[in-house]
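Here's the structure, in structure tokens; my notes come after.
The values are calculated or read from the model by the stated rules, or taken from the named source; none is laboratory data. Because the structure is predicted, anything quoted here is derived from the model rather than measured. Cβ atoms come from the backbone with ideal geometry, glycine included; neighbour counts cover every protein chain shown.
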Amino acid sequence: GSRFFDCYHGVELTPKLQRGATNRRSLTGEGEVFTIAFDMEGQGYGCALEVKKAASVGSALSGFLDQMKNMTAKPLMEISADWQYLNQEMVNISKTKEVHTPPPGMVHVPYNAAYAFITRGLEIEGDDEHGVDVQFHWEEHPQRIHSHTLPVGPFYIGKYPVTNANYSAYLKASKWTPKDKAFWLKHWNGAATPAAALLDKPVTYVSLNDAREYCGYYGGRLPHAYEWQYAAQGSDGRQYPWGGAIDPTKYPAPTTGNVYAGPQPVTAHAGSDKGDSPFGVSDLVGNVWQYTDEFQDKHTRAVILRGGSNYRPSGSMWYFPNSVELDTHNKYFLMSDSYERAGTIGFRCVVDAQSAAKTTPY
């Protein structure tokens, strides 16, 4: 015979005949009409389930009913409808072995005992003061605008983002391949090495973990968001790597159509008279977004991207706002390696430098 359950409250229901008695196990009888009744709150939820064979009520259903019974013990009207933000954890980035001399392709960024780190998130995530964007170690809650003075450095940072040539050499030396290969190096079109036209362009279609593996192989790591910004900005709080005024000649021209040809070579706007930072770091803005810090809460993970890309589709600029200003960033949700890989995201590495001065505790 059938059994009936109130799935919302997690309890079994007893059917009732309109006349006479009923056998709830068999519900036998010719022409009998029966009803089941259960409570449902105003503007609430209800769900009734018929299980035609008692033997089919297994552990999965029993466990679900127990869970629902516990979850609905308090009436909806007693539960606050106020939105509560989730606190976030900034994922630790372990320091590297400190080195005396610049690793190949890296430039020195000196110690700053009191760097004024000011940035804001661009993502479309509501106008709430608290709960949006990310939560750095020193903050009590997630917030869109961040302002904090902290010691930073010293470290060495890649003068350029990692190129396809760099990544190809790494794969040859390390023999590394990801477990999930979907969209990995998609722009290589299945080849073991990149086409000649790609060699001096930033490597893209790599996940956050792919980038970490590369940096780790060479004794490095990804930069913190504030390290990346300090390397790009110097100590004077400038808006752009080259100074205080925007200059479209110092970064790649954006692509606004439906077809994206990829980033430009990393040296296209290099040089102290072009787009370099005060420390000589090149290709910081307007070519590829660059991975920095990861954050997580009870349900989601995200990484801060810095620098902006040269792809700015005019029809949907609101979807993932772009920027070349150094006091802005965007927040990229993380789901899987394959989902993270994009033609507009690259990275550069950092190695900690030796110094007698105290460095950042984060």
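Computed values, structure above
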quantity	calculated
In segment 300-331, residue farthest from residue 136 (Cα to Cα) [restricted to those that are crowded, with 21+ Cβ neighbours inside 10 Å and among the hydroxyl-bearing types (Ser, Thr, Tyr)]	311
Selection count, segment 111-143, where residues are part of a loop (DSSP other than H, G, I, E, B) and modelled with pLDDT of 95 or more	9
Residues of segment 251-273 classified as assigned to a loop (DSSP other than H, G, I, E, B) and either touching a Cys at 6+ places or on another chain (Cβ under 6 Å) or in contact (Cβ under 8 Å) with a residue 24 or more places away in the chain (or both), total	15
Counted residues, segment 201-232 - those being basic (Lys, Arg) and touching a Gly at 6+ places or on another chain (Cβ under 8 Å)	1
Sole residue being of a type in the set (Asp, Glu), in contact (Cβ under 8 Å) with a residue 40 or more places away in the chain and buried (at least 21 other Cβ atoms within 10 Å of the Cβ), chosen from 276, 297, 293	293
Filtered residue count, segment 72-97, keeping only those that are surrounded by 14 or more Cβ atoms within 10 Å (Cβ to Cβ) and over 26 Å from the mean Cα position of the chain (by Cα)	1
So residue 168, is it modelled with pLDDT of 95 or more, loosely packed, with under 15 Cβ neighbours inside 10 Å and of a type in the set (Gly, Ala, Ser)	no
Subset of segment 103-162 (residues that are touching a residue at least 40 places away in the same chain (Cβ under 8 Å), surrounded by fewer than 18 Cβ atoms within 10 Å (Cβ to Cβ) and of a type in the set (Ser, Thr, Tyr))	111
Residue within segment 328-339 that is assigned by TED's automatic domain parsing to the domain that holds residue 163, modelled with pLDDT of 95 or more, among the β-branched types (Val, Ile, Thr) and under 20 Å from residue 206 (Cα atoms) present	no
Leading residue by the ranking (farthest from residue 172 (Cα to Cα)) among those in segment 189-244 that are part of a loop (DSSP other than H, G, I, E, B) and hydrophobic (A, V, I, L, M, F, W, C)	242
